[in-house]
Amino acid sequence: MARRRRYSVPGAERGMQQFKAEVMKREGYAVNPERVDDVKYEVAKELGIPLKPGDNGELSTESAGHIGGKIGGSMVREMIRLAQDKLAGRSDQ
């Protein structure tokens with residue numbers, strides 16, 4: 001069953017999807033801008049986890065966490081880098 005996230009800031013979903021696409025491209029993954037969430041299949045394949053579209057009821061919580069952790073961890077590292085740059089006055093945006 002797919003879970004629908006709700007962002008605290010209205011309209012942030014599009015920006016977060018774009019951010020995910022940019023970060024995962026920098027990490028070396030092929031990202032379709034129209035289907036950014038599909039990068040999870042490429043990450044799963046790299047990690048040797050048998051993720052497939054649809055029901056993954058046999059997938060352990062640990063395996064799912066490895067996939068999400070790889071993606072989310074990359075995003076958090078980039079957010080921290082951006083914040084540090086901004087605090088140091090090196091913002092390029």
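Quick notes on this one:
- With K and R counted +1 and D and E -1, the other residues having a Cβ less than 10 Å from that of Ala30 yield a net charge of -1.
- Packing-based order for 44-51, 66-73, 55-62, 27-34, using average beta carbon neighbours within 10 Å, highest first: 66-73, 44-51, 27-34, 55-62
- Angle in degrees between helix 12-26 and the longest Cα principal axis of the chain, rounded to the nearest 10: 80
- Taking the chain as the region of interest, the number of lysine pairs whose Cα atoms are within less than 23 Å, with members eight or more places apart or on different chains, is 14.
Here, each number is a calculation from the coordinates, and none is a lab measurement. The model shown is predicted, which means the values in this text are computed figures rather than measured ones. Cβ coordinates were reconstructed from backbone atoms using ideal geometry, including for glycine residues, and neighbour counts include every protein chain displayed.
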